[in-house]
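Structure, as structure tokens:
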Ligand code: FDA
């Protein structure tokens, strides 16, 4: 309930202004975000890879309503990929992209604009020797995102998808996407969704995650198990053993700043672990989703605001 309320309230522009302006917000942001500039993302990538982790970098931003801004986001990714190449990190870091940041919502031409921008990023990633994964946003964009994914995969078959276990449809989507070469990141889902399309009870979401994970781990694709949930990680490890999966045929993924010791522990056990690393100045939506996931984060944030004001 708290989660749904927080995600709903976050749409208010006055709440956004208040939050973004509070000086203490920056401290909380820095737990989850590498920094505002591309150099910050590259420095953090270097540190993470030195600890044996892989990285996927997200240039923060979503729901772009302006064509020039959408094109600028594609340019920012191209610059990021050049920076990764120059730093010698492109073999251990890929990029994650939100189609709404690339223009998906720009009216009837939105899907075409987003696809063209995504293609540009895929080209830059290929030149750098790495890959792109399309983040998944709220359920109103699922079909459009999967359609762009299908189109991109014709030329860039290694483009990764994200599926959200909280959606009723996802087990079937996992079956469709569990084919050889198909990279699929499975997460629980981070948006406020209605009961008509999503499981609302967290136990139902967890059960759905297990069913989806079973489909992906039994399939011929490349599963990317994105969760910090210790029980789900253990089930993922069990399924990998059960299906005789080589350690390079799947990976675990976690968010920057969340359970970092567990990330290193899993890597130490021989698993591939990739950290989702956001950077940029448009961090508000991302921060709210992280606060909504865990009431303790919210308490920490509220306490910091009170003690500093
Ligand atoms: P759950 O929320 O149950 O958390 C399990 C445990 O993890 C908690 O008990 C706590 O210990 C820790 N934890 C989880 N979240 C925390 C937080 N914010 N702060 C501190 N501790 C926390 N979603 C989406 O809709 N579209 C997407 O494209 C992506 N992409 C994505 C990529 C990657 C690599 C990850 C790891 C996650 C996403 N997500 C996402 C987010 C995902 O849907 C989900 O909201 C979060 O991962 C939290 O869910 P968990 O599976 O970790 O379980």
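Coordinate-derived values only; no laboratory data. Here the structure is a predicted model, which means the values were calculated and not measured. FYI the Cβ positions are ideal-geometry reconstructions off the backbone, even for glycines, and counts take in every protein chain you see.
Using just its DSSP H runs of length 4 or more, each adding -39500 (n - 2.57), the chain gives a mean residue ellipticity at 222 nm of -16500 deg cm²/dmol after division by all residues.
Post the alpha-carbon centroid distance, segment 37-71 to segment 90-138, in whole angstrom. That distance is 13 Å.
Rg then Dmax, both in Å and based on the Cα atoms of segment 52-152: 13.1, 44.
Beyond 17 Å, the tail of the calculated P(r) for segment 186-260 holds 46 percent of the Cα pairs.
Highest mobility in the GNM of the chain, judged by mean-square fluctuation with C-alpha springs under 10 Å and restricted to 232, 134, 99, is found for 232.
When DSSP beta bridges are restricted to pairs lying wholly in segment 33-282, around 5% turn out antiparallel. Arranged from fewest to most other beta-carbon atoms within 10 Å of their beta carbon, 235, 258, 121 become 258, 235, 121. Judged by the gyration tensor of its Cα atoms, with axes a ≥ b ≥ c, segment 33-282 is oblate; a/c meets the 1.5 cut and b/c is at least as large as a/b. Each part reduced to its alpha carbon centroid, segment 243-271 and segment 207-229 end up 14 Å apart.
Normalised radius of gyration (Cα atoms, divided by 2.2 N^0.38 Å) for segment 134-206: 1.10.
One decimal place: the segment residue 172-residue 211 gains 13.0 nm when fully extended, by the rule 0.36 nm per residue minus the C-alpha distance. Dividing the radius of gyration of the alpha carbons in segment 183-309 by their Kirkwood radius gives 1.01 for Rg/Rh.
Taking the number of Cβ atoms within 10 Å of each Cβ as an exposure proxy, the fewest-first ranking of 98, 188 is 188, 98. Residue separation of residue 262 and residue 65 scaled by 0.36 nm, minus their Cα-Cα distance, works out to 67.1 nm of gained length.
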